[in-house]
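First comes the structure, then the notes that go with it.
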Amino acid sequence: MLPTFKISIGKDGVKPVIVIHSQGNRFRYYNGKSIGVNLNSSDHTDLLKAAFEIKLTQGWKPQRKAQATKAIKVQEVLLSGVIREAVNRVDREDYSATYKRDCWKVLRLWEVFEKSISIQASDIDNSHFEAFIKQGQWSFATQRVIKSTLSALLSKWKKNALQDIKIKRSKSTMHKPIKKIQEVFSELKDYNENLYLACLLTYSCLLRPHIECRLLKWSDVNLEKGFISLSGKQNKSGRNRIV
């Protein structure tokens, strides 16, 4: 007769745990109290696994307690709650608008991911975080931003939760100077005047295109004195900048 259970050794962070699949349910044990054995998973992992195998063969069946089910339901809400609470805290404090935007984006992306695989918070480990961060539609640069943002949001839940996840570096591109810059600007102006203005500000005033040019307001520009003033919240360095 084929066994009706499957037993293996898993990991909860860095701590080993005995995992039993039986009758469509999943059970996790860190010690042998439920089978009357004085062993724990950290010190006697293989021995504890063997003890459970013997008990299962003898007819013992793991039971899910009502209190344990209730605790899992609390945990299912807990992880999303931790992230949302952290995002709300960032939103209230003096962070840049772009960082706040990234935090809300990561929260929405995580909620979609979590729902798609019907994951329970008690079962989340680094493999799930890695699958979330290393989605194929994102570049390596995007993956790094998502990892660093999510890691900061989870810091109070579990410090350095994502430190073991490694992301490949994008290959550097050599940007060579353009010889006929006037011709390039003329073509840009004919193609799209807004793009032309953004490139002109980038090239002539040394403004960064992704933040400083894109978020530029008329209140930042002084036409009489001929300069652009940006606060620390409007540029990458975090310091006031005048060009």
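The values are calculated or read from the model by the stated rules, or taken from the named source; none is laboratory data. Small disclaimer: the values here were computed from a predicted structure and weren't measured. In this analysis, Cβ positions are derived from the backbone assuming ideal geometry, glycine residues included, and neighbour counts consider all displayed protein chains. Accessible surface is based on the protein model in full, side chains and every heavy atom, while ligands, DNA and RNA are left aside. Shrake-Rupley method; radii C 1.70, N 1.55, O 1.52, S 1.80 Å.
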### Query
Can you list the aspartates and glutamates whose alpha carbon is less than 12 Å from that of Lys61, not counting same-chain residues fewer than 8 positions off?
Glu53
### Task
With a 10 Å radius around each residue's Cβ, average the other Cβ atoms per peptide and rank 179-188, 19-28, highest first.
19-28, 179-188
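Using a 1.4 Å probe on the protein heavy atoms, what percent of the accessible area of the chain belongs to carbon and sulfur?
53
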### Query
When all protein chains stay in place, what accessible area (Å², nearest 10, 1.4 Å probe) is found for Asp12?
60
### Query
Whole-Hz Karplus ³J(HN,Hα) for segment 13-22, in order, using 6.51 cos²θ - 1.76 cosθ + 1.60 and θ = phi - 60°, x for Gly and Pro?
x, 10, 8, x, 9, 7, 10, 10, 9, 8
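Sorted by accessible area with a 1.4 angstrom probe, largest first, how do Phe129, Phe140, Phe113 fall? Could the numbers behind the result be given before it?
Numbers: Phe129 5, Phe140 80, Phe113 30 Å².
My answer, sorted largest first, is Phe140, Phe113, Phe129.
Please work out how much length the chain gains when fully extended from Val37 to Glu53, using 0.36 nm per residue of separation minus the C-alpha to C-alpha distance, in nm with one decimal. Let's see the in-between values first.
On the way: separation 16, 0.36 × 16 = 5.76 nm, distance 1.25 nm.
Fully extending the segment from Val37 to Glu53 adds 4.5 nm.
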### Query
How long is the gain from Tyr30 to Arg89 if the chain were fully straight, where each residue apart is worth 0.36 nm and the alpha carbon distance is subtracted?
17.8 nm
#### Entry: Protection proxy ranking of 214-223, 201-210 - average other beta-carbon atoms within 10 Å, highest first
201-210, 214-223
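Could you work out the relative contact order of the chain, using alpha carbon pairs under 8 angstrom and six or more residues apart, expressed as a whole percent?
Working: 213 pairs, mean separation 24.8, N = 243.
After rounding, I find 10 percent.
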### Message
Take the residue pairs Lys100/Lys147; Lys134/Lys171; Lys105/Lys217 and return only those whose Cα atoms are more than 20 Å apart.
### Response
Lys105/Lys217
#### Entry: Computed P(r) (all Cα pairs; the chain; 10 Å bins; percent)
6, 20, 22, 19, 13, 8, 7, 4, 0
### Summary
Given a 1.4 Å probe, the accessible area of segment 104-211 per residue, as a whole number of Å², is 73
